[in-house]
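Written below as structure tokens is the structure these notes are about.
No lab work stands behind these numbers, since they all come straight from the coordinates. Treat the numbers as computed from the prediction; the structure is a model and nothing was measured. When we count neighbours, we look across all protein chains shown, and the Cβ atoms used for this are built from the backbone with ideal geometry, even at glycine.
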Protein chains: 2
Amino acid sequence: MAAESQKRPISNIAFIIAMQSEALPVVNRFQLTEDPESVFPQGVPWVRYRGKYKDLNINLIWPGKDPALGVDSVGTISSSLVTYATIQALQPDLIINAGTSGGFKAKGASIGDVFIVSDCAFHDRRIPIPVFDLFGVGLRKAFETPNLVKELDLKVAKLSTGDSLDMTQQDETSIIANDATVKDMEGAAVAYVADLLKVPAIFIKAVTDIVDGDKPTAEEFLQNLASVTAALDEAVEKVINFINGKCLSEL
Amino acid sequence: MAAESQKRPISNIAFIIAMQSEALPVVNRFQLTEDPESVFPQGVPWVRYRGKYKDLNINLIWPGKDPALGVDSVGTISSSLVTYATIQALQPDLIINAGTSGGFKAKGASIGDVFIVSDCAFHDRRIPIPVFDLFGVGLRKAFETPNLVKELDLKVAKLSTGDSLDMTQQDETSIIANDATVKDMEGAAVAYVADLLKVPAIFIKAVTDIVDGDKPTAEEFLQNLASVTAALDEAVEKVINFINGKCLSEL
């Protein structure tokens with residue numbers, strides 16, 4: 001981003017939130033309303049909510065329900081597309097990708113933990129040709145927010161992203177190589193697009209299921225989704241209150 | 001697409017081609033030239049080549065080299081982004097995703113074979129929750145071209161897409177479930193975006209390596225890349241000559 005943008009207060013924030021059940025508590029918390037006229041092209045299911053909160057223009061983009069199947073458009077393709085289209089349409093000062101994630105108890109994660117992400121990478125893009133292998137992993141640093149982390153006493157973790165809810169042995173090997181504490185289906189894709197277009201991005205991930213635990217991921221995920229999105233929403237409010245009135249360089 | 005667009009001759013074609021080595025033979029064949037002023041935003045490495053061939057305006061979009069790593073921006077995220085941005089900027093009548101692929105000898109594929117794709121699906125998006133599982137697989141029909149297939153005597157096959165060059169056991173299970181003869185890293189992502197925005201898309205895939213054979217994929221892929229892109233380029237020329245002067249409904 002341009003240096004000058006770091007020196008004026010942040011005014012325009014875009015949340016990218018993949019699931020409706022993750023998005024709606026945030027929509028309600030900040031009393032956002034759905035845009036009557038979409039800024040996105042005809043045909044796409046992407047939904048923009050917007051509102052003013054303190055000194056901030058808050059946008060929340062949810063990729064919406066798949067037009068044919070009616071389920072949330074989760075995963076890296078939808079989240080990269082909405083990140084791209086959001087940056088083009090709204091030119092946010094800061095992107096916040098918030099959502100639920102799997103956590104690894106071996107790395108200290110528990111159900112309901114909320115993490116700020118330091119690094120994103122992919123664990124399901126194996127291209128065993130030199131340099132292409134690094135492209136596949138796609139390691140990127142999140143925008144650094146040392147003051148936010150310290151002030152709100154947030155846990156910091158590395159995130160690994162893939163398009164499956166489950167985890168194969170090969171995924172696990174890559175996740176360990178990525179040194180990840182949390183695993184999601186969008187983060188590294190949002191980071192990729194934000195990096196291309198030079199918009200700072202931060203990532204807030206709440207743990208719904210323990211990947212290296214005894215319970216099946218899908219079951220545990222669905223069981224904890226409601227309670228953990230409440231914890232996520234609380235953390236998001238604290239982060240927004242901290243951001244309000246500050247420049248990027250003060251985060 | 002609108003019904004009337006099927007009844008006038010196709011005029012505006014957009015190729016989406018992931019690798020430079022796949023794109024350049026097509027660029028040279030149709031004497032396309034690189035756009036001096038990008039239609040895409042600052043920061044993205046995407047390259048548009050364009051030219052007139054017979055009655056057709058031909059665009060070829062290559063996602064370009066990764067700005068940090070210098071390798072082709074392969075895979076589903078880049079290809080979905082360029083498909084989206086290309087449709088927004090150029091409103092093509094038809095998208096043609098052409099490229100190399102792995103082939104399964106058990107399904108009749110040999111090195112150098114060129115296939116027209118009937119169906120695309122993903123093999124690395126496992127979401128074991130009802131309906132989300134179908135979203136993950138993302139099965140889509142390519143635009144049907146029965147006359148083109150018959151006239152040019154082309155082989156037809158199903159395509160399975162994933163972000164890895166290799167294949168795990170879980171990938172293989174999904175590829176078999178997808179009944180795929182060819183495996184690539186972009187097709188189903190291009191199909192997803194084209195379907196969202198209601199632009200017809202066809203897929204031409206040439207086999208560089210036999211996935212269920214003895215040789216390591218990466219080695220075989222690199223060995224055959226040059227010769228197979230020549231075969232791909234020849235097939236592309238035949239397809240373009242067939243398309244010239246026809247409406248979508250005549251393909």
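Quick one: the Cα spread of region B:35-147 along its three principal axes, in angstroms, biggest first?
For region B:35-147, the Cα extents along the three principal axes come out at 45, 36, 27 Å.
State the answer as a single residue: which of A:Leu148, A:Gly102, A:Ser21 lies farthest towards the positive end of the charge dipole of chain A, with beta carbon charges of +1 for Lys and Arg and -1 for Asp and Glu, about the Cα centre.
A:Leu148
What does the charge dipole of the protein assembly as shown about its Cα centre add up to, to the nearest 20 debye, if the Cβ of each Lys and Arg holds +1 and the Cβ of each Asp and Glu holds -1?
Dipole magnitude for the protein assembly as shown comes out near 1100 debye.
GNM on chain B, C-alpha springs below 10 Å: top fluctuator among B:Ile129, B:Ile58, B:Ile240?
Maximum fluctuation in the GNM of chain B, among the listed residues, is at B:Ile129.
Say a label goes 7 Å from Cα toward Cβ at A:Arg8 in every copy; what distances in nm does this one have to the rest, shortest first?
4.3
Treating only the Cβ atoms of Lys and Arg (+1) and Asp and Glu (-1) as charged, compute the dipole magnitude of region B:132-216 about its Cα centre; round to the nearest 20 debye.
So the dipole magnitude of region B:132-216 works out to roughly 380 debye.
Could you pull the copy-to-copy label distances for A:Ser38, with points set 7 Å along Cα to Cβ, in nm to one decimal and sorted shortest first?
2.7
Grab the beta carbon distance between A:Glu172 and B:Lys198, set R0 = 25 Å, and tell me the FRET efficiency rounded to 0.05.
Efficiency, rounded to the nearest 0.05: 0.05.
Counting DSSP beta bridges with both partners in region A:77-195, what percentage is antiparallel, nearest 5?
If I count the DSSP bridges inside region A:77-195, around 30 percent turn out antiparallel.
Karplus couplings for region A:153-158 from phi (6.51 cos²θ - 1.76 cosθ + 1.60, θ = phi - 60°), rounded to Hz, Gly and Pro as x?
Using θ = phi - 60°, the values come out as 6, 8, 7, 10, 8, 8 Hz.
Express as a percent, rounded to the nearest 5, the fraction of DSSP beta bridges in chain B (both residues included) that run antiparallel.
The antiparallel proportion sits near 40 percent.
Using helices alone, I'd like the mean residue ellipticity at 222 nm for chain B: each DSSP H run of four-plus residues gives -39500 (n - 2.57), total over residue count, nearest 500.
-10000 deg cm²/dmol
Gaussian network model of chain B, Cα springs within a sub-10 Å range: biggest mean-square fluctuation belongs to which of B:Lys107, B:Lys183, B:Lys205?
Largest GNM mean-square fluctuation: B:Lys107.
Could you give the nm distance between label points at A:Gln91 and B:Ser11, where each point is 7 Å from its Cα heading toward the beta carbon?
The two pseudo-label positions are separated by 3.3 nm.
Which of the listed residues, A:Ile240, A:Ala226, A:Gly213, is farthest toward the dipole's positive end in region A:208-251, when Lys, Arg count +1 and Asp, Glu count -1 at the beta-carbon?
Toward the positive end, the furthest listed residue is A:Ile240.
Could you give the dipole magnitude of region B:172-225 about its Cα centre, charging the beta-carbon of Lys and Arg +1 and that of Asp and Glu -1, in debye to the nearest 20?
Once rounded to the nearest 20, the dipole reads 300 debye.
In whole Hz and in residue order, list the ³J(HN,Hα) couplings for region A:15-22 that follow from phi through the Karplus curve 6.51 cos²θ - 1.76 cosθ + 1.60, θ = phi - 60°; x for Gly and Pro.
Computed from phi, the couplings for region A:15-22 are 7, 10, 10, 6, 10, 4, 5, 7 Hz.
Given contacts defined as C-alpha pairs under 8 Å and at least six residues apart, what's the relative contact order of chain B, whole-number percent?
It comes to 27 percent, rounded to a whole number.
For the protein assembly as shown, just the Cα atoms, rotate onto the principal axes and tell me the three extents in Å, largest first.
In descending order, the Cα extents are 67, 45, 38 Å.
Net charge around A:Gln31, counting only other residues with Cβ within less than 11 Å of its Cβ (Lys, Arg = +1; Asp, Glu = -1)?
+3
Rounded if a/c is under 1.5, else prolate if a/b is larger than b/c, else oblate: which is chain A, with a ≥ b ≥ c the root eigenvalues of its Cα gyration tensor?
rounded
Check cross-link reach from B:Lys52 to the lysines: straight Cα distance under 20 Å, and skip same-chain residues fewer than eight apart.
Cross-link targets: B:Lys238, B:Lys246.
In region A:163-251, how does Rg compare with the Kirkwood Rh, expressed as the Rg/Rh ratio over alpha carbon atoms?
My calculation puts Rg/Rh at 1.02.
Once fully extended, how much extra length lies between A:Asn241 and A:Lys141, figured as 0.36 nm per residue of separation less the alpha-carbon to alpha-carbon distance?
Extending this stretch completely gives an extra 33.7 nm.
Which is farthest toward the positive dipole end of the protein assembly as shown among A:Pro41, A:Gly187, B:Ser164, measuring Cα position about the Cα centre, with Cβ charges +1 (Lys, Arg) and -1 (Asp, Glu)?
A:Pro41
Of the candidates B:Ala109, B:Ala226, B:Ala121, which one comes out as most mobile in a Gaussian network treatment of chain B with C-alpha springs shorter than 10 Å?
Maximum among the listed residues: B:Ala226.
At a Förster distance of 60 Å, what's the computed FRET efficiency of B:Ala226 paired with A:Lys54, Cβ-Cβ distance as r, to 0.05?
Step by step, r from the Cβ atoms, then E = 0.50.
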